[in-house]
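S.K.: Below you'll find the structure I mean.
Rule-based calculations on the coordinates, nothing more; no lab input. This is a predicted model, so every value here is computed, not measured. All Cβ positions, even for glycine, are placed from backbone atoms using ideal geometry, and neighbour counts span all protein chains on display.
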Amino acid sequence: RKEVEQDPGPFNVPEGATVAFNCTYSNSASQSFFWYRQDCRKEPKLLMSVYSSGNEDGRFTAQLNRASQYISLLIRDSKLSDSATYLCVVNGAGGSYIPTFGRGTSLIVHP
Amino acid sequence: SQTIHQWPATLVQPVGSPLSLECTVEGTSNPNLYWYRQAAGRGLQLLFYSVGIGQISSEVPQNLSASRPQDRQFILSSKKLLLSDSGFYLCAWSQASGGNQPQHFGDGTRLSIL
C-alpha cells in the first residue's frame, strides 16, 4: 500500500459545480496535513493546512478523518481558474522531517 | 517575510556535463531544506533534505549530490549528467519544528539533457 494515495482523475466539472477530492494515508502516526495546488509546469503552492476540526478558506473546505485515515478537499462554486493538480501532503509521522506527497488529483473546470 | 530563490529557471545540458543548481532562502534562519525532482507527468520525488549546515540526507541513490555550505543555501550538483536526470527540479524550505510545518517551494529549474 502506498503511503499517500490520491485518485489521479481528471475530474472534469462545469463552472459552478462542487467537487471533492479524498486522499488516504497509511501511517496512523502522521501529525500534520496539507493541500497544495500545482499548475502545469509550475511549482506546488500551499493551498491550506488541514486541521483536526476541519477548516474553511473561502470556497475551499478541508477535513481530516483520523479514524479512517483520509483527508478531503471540497471546492464549491468551481471557477475556471481552479483547474490544476491538487496534491495532498502528510507530515511528521514519528517526528520525521520528511513529508510524503500524493501523486495529485487533476481538476479541469470547463465553461 | 520569507522568500526562496532558485536558479536558473531553465537549463539545457549535454550528457556527461556537470551540474550545479543553487537555492537560497531569505527571511528565516535554520530552515529545513529539500531538493525534489518531478519527471513529466509524475509525482514529486524527494532527492535530499538538510536540517542544518553540512547535514545532508539522501533519499535515493543516484549520480547527484547536495551540499549546504551556509545556513540558507542549498546546492544540487552532479559531476556527469545522465539522460535520466532530465526533469523539473524544485527546492523547498520549511520551518524546523519537528515536521509539522508546510513546505514552500522555489520556482523550479527545468533541466533538459541532450
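S.K.: Can you give me the C-alpha center-to-center distance between region B:1-70 and region A:25-59, rounded to a whole angstrom?
M.R.: 22 Å
S.K.: Next question, about the same structure. Considering every pair of different Cα atoms, what Kirkwood radius, in Å, is found for region B:37-93?
M.R.: Hydrodynamic radius (Kirkwood, Cα pairs) of region B:37-93 is 12.2 Å.
S.K.: What translational diffusion coefficient, to the nearest whole µm²/s, does chain A have by Stokes-Einstein, given a Kirkwood radius computed over alpha-carbon pairs, a temperature of 25 °C and 0.890 mPa s viscosity?
M.R.: Taking Rh from Cα pairs, D becomes 175 µm²/s.
S.K.: Which whole number of Å³ per residue matches the convex hull of the alpha-carbon atoms in the protein assembly as shown?
M.R.: 128 Å³
S.K.: Quick check for the protein assembly as shown: number of Lys pairs with alpha-carbon distance under 28 Å, counting only pairs 8 or more apart or on different chains?
M.R.: Qualifying lysine pairs in the protein assembly as shown: 6.
S.K.: Jot down the radius of gyration and Dmax of region B:18-114, Cα atoms only, both in angstrom.
M.R.: My reading of the Cα-based Rg and Dmax gives 12.9, 41 Å.
S.K.: Something else about it: When Lys and Arg each count +1 and Asp and Glu each count -1, what net charge do the other residues less than 14 Å away from B:GLN13, Cβ to Cβ, add up to?
M.R.: Working: positive: B:LYS79, B:LYS80, B:ARG110; negative: B:ASP85.
The answer is +2.
S.K.: For region B:33-114, run through the trypsin sites (Lys or Arg not before Pro) and keep only the ones in DSSP coil with at most 11 other Cβ atoms within 10 Å of their Cβ. Walk me through the numbers before you get to the answer.
M.R.: Numbers: sites: B:ARG37, B:ARG42, B:ARG72, B:LYS79, B:LYS80, B:ARG110; in loops: B:ARG42, B:ARG72, B:LYS79, B:LYS80.
Answer by residue number: B:LYS79, B:LYS80.
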